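See structure below.
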Amino acid sequence: MKQTLKKTNPGSAVKLNLCEADIQSLRRQLIRWFSAAKRNLPWRQHRDPYAIWLSEVMLQQTQVKTVIPYYNKFLTRFPDIRSLARADIAEVLTLWAGLGYYRRAHQLHAAARDILNHHGGVMPSEFDRLLSLPGFGPYTAGAVASIAFGQRVPAVDGNVLRVMTRLLADGRDIHQPAVQRDLRRTAETWVPPRRTGDFNQALMELGATICTPRNPICTRCPLGSICRARRKGDPAQFPRRTPTVDRRTLYLAAIAVTDGSGKLFMAQRRSPGLWAGLWELPSVTTPGPDAPHVREVIKLAAEHHGIHLTAVRRVTDIVHILTHRHITVWIYQGRAAGSGRKRGRPAPPPTPTDYAATCWTAHPDALPLSVLAEKQLAALRAAEADIPAAGCAGRGQE
Ligand code: SF4
């Protein structure tokens with residue numbers, strides 16, 4: 001099999017590619033296989049561009065089985081772009097809570113508003129116009145344009161990059177932007193003139209179910225006859241592995257502060273940033289790796305949050321791991337001091353600079369919480385700390 005040098009547009013030569021006969025075979029075999037083997041997934045039941053877009057956003061960094069209930073729930077509450085655009089971001093985040101990578105929810109909401117305000121509420125069908133919307137990169141724009149509108153553009157995600165490096169026996173580092181750009185140009189030459197959405201989904205499906213990272217099942221692969229990595233005998237060596245992620249270690253002291261009536265003090269993260277718009281126990285970063293003394297926590301709470309604490313004790317600790325962070329959280333409990341109000345509740349402290357808003361609530365679980373905050377509340381309850389019980393319905397901001 002010979003490698004060919006193809007041009008897709010002036011000045012952009014593709015470094016590695018299949019020969020023309022193999023590209024034809026790739027299209028034919030892949031679409032035939034997909035028609036017979038594709039999984040029955042809710043977003044494949046119709047071609048509503050909004051529903052396809054929603055599924056593509058939710059599936060980023062998240063497994064299919066995790067996404068399905070969130071997708072169904074989200075679509076029931078926000079059945080179209082208009083309903084999403086008109087919703088409060090707090091409600092969007094509540095529905096998203098637990099799915100992670102909350103920036104996706106913010107961008108989904110922002111893009112829905114953009115479509116409503118600038119496109120009459122109708123999703124654009126062209127790749128370039130999709131690309132101009134918040135949260136749309138080449139992958140999402142390519143997926144929506146091809147699956148929903150039949151545009152002849154590729155949709156190259158991590159699964160597709162892996163399959164491509166194996167088909168081509170391409171030993172380059174796919175974490176390099178230049179390599180990704182080149183593979184995307186190669187993929188442009190693979191997309192057939194018809195059934196573009198099926199072709200793109202088939203490549204992704206192959207990567208998700210057959211050409212998996214560690215154990216590709218080459219004996220069941222429709223592309224075995226043209227795969228160069230298989231011919232070399234060790235397809236799992238592609239793509240080239242990069243060193244393990246270097247996670248930054250963070251140490252936080254989180255404080256569960258209750259008032260005279262048992263309400264809990266919660267804080268909402270500023271946007272943009274980590275956990276933007278989500279609620280949590282007020283926290284402060286500490287130097288670590290040793291848990292701060294309660295005197296230090298009292299001082300930090302006053303300095304950072306304007307809260308004056310009494311009866312402070314350390315209740316429990318948790319560890320939370322994100323892609324680039326390893327977070328240790330020491331959790332304390334205390335009572336707000338200085339009951340100056342007639343009803344016996346302390347005056348709310350001023351909104352601290354680290355947070356967009358604060359509130360006292362008897363229903364903390366009704367707020368849009370980060371996964372870390374959910375873990376904190378669960379750990380406090382497991383330790384029988386004095387905080388509001390779980391399972392309260394309705395919004396808890398008070
Ligand atoms: S033959 Fe094996 S390595 Fe090649 S694309 Fe198929 S599953 Fe992947």
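The values are calculated or read from the model by the stated rules, or taken from the named source; none is laboratory data. Small disclaimer: the values here were computed from a predicted structure and weren't measured. Backbone-built Cβ (ideal geometry, glycine too); neighbour counts: all protein chains shown.
Couple of notes before you dig in:
- Qualifying residue in the stretch 127-137 (condition: touching a residue at least 24 places away in the same chain (Cβ under 8 Å), buried (at least 23 other Cβ atoms within 10 Å of the Cβ) and assigned by TED's automatic domain parsing to the domain that holds Pro193): yes
- Search result, residues across the stretch 144-174 that are of a type in the set (Lys, Arg) and not in a loop (DSSP other than H, G, I, E, B): Arg162, Arg166
- The stretch 93-126 - residue that is among the basic types (Lys, Arg) and closer than 24 Å to Ala373 by Cβ and, of those, surrounded by the fewest Cβ atoms within 10 Å (Cβ to Cβ): Arg103
- Residue tally, condition closer than 19 Å to Phe149 by Cβ, in contact with a Lys or Arg (Cβ under 8 Å, 6 or more places away or on another chain) and at pLDDT below 95, over the stretch 41-84: 1
- Test result for Arg184, within 11 Å of the ligand (Cβ to nearest atom), charged (D, E, K, R) and in contact with a helix residue (DSSP H, G or I) (Cβ under 8 Å, 6 or more places away or on another chain): no
- Residues of the stretch 176-215 that are assigned to a loop (DSSP other than H, G, I, E, B) and aliphatic (A, V, I, L, M): Val191, Ile210.
- Scanning the stretch 104-136 for residues that are closer than 21 Å to Pro69 by Cβ and of a type in the set (Lys, Arg) gives a single hit, Arg104.
- Of all residues in the stretch 216-235, those satisfying the criterion of being more than 6 Å from the ligand (Cβ to nearest atom) and assigned to a helix (DSSP H, G or I) are Thr219, Arg220, Ser225, Ile226, Arg228, Arg231, Lys232.
- Candidates Pro193, Pro213, filtered to the one that is more than 8 Å from the ligand (Cβ to nearest atom) and within 29 Å of the chain's Cα centre (by Cα): Pro213
- Residue within the stretch 118-126 that is touching a Lys or Arg at 6+ places or on another chain (Cβ under 6 Å) and assigned to a loop (DSSP other than H, G, I, E, B) present: yes
- Qualifying residue in the stretch 250-265 (condition: touching a helix residue (DSSP H, G or I) at 6+ places or on another chain (Cβ under 8 Å), among the acidic types (Asp, Glu) and outside the structural domain of Trp190 (by TED's automatic domain parsing)): no
- Taken together, the residues in the stretch 24-78 that are in a helix (DSSP H, G or I) and within 24 Å of the chain's Cα centre (by Cα) amount to 28.
- Filter pass, Asn200 being within 16 Å of the ligand (Cβ to nearest atom) and buried (at least 20 other Cβ atoms within 10 Å of the Cβ): yes
- Flag for Leu206 being buried (at least 23 other Cβ atoms within 10 Å of the Cβ), within 16 Å of the ligand (Cβ to nearest atom) and either closer than 20 Å to Arg228 by Cβ or not assigned by TED's automatic domain parsing to the domain that holds Glu374 (or both): yes
- Flag if Arg113 is basic (Lys, Arg) and out of contact with any helix residue (DSSP H, G or I) (no Cβ under 6 Å at 6 or more places or on another chain): no
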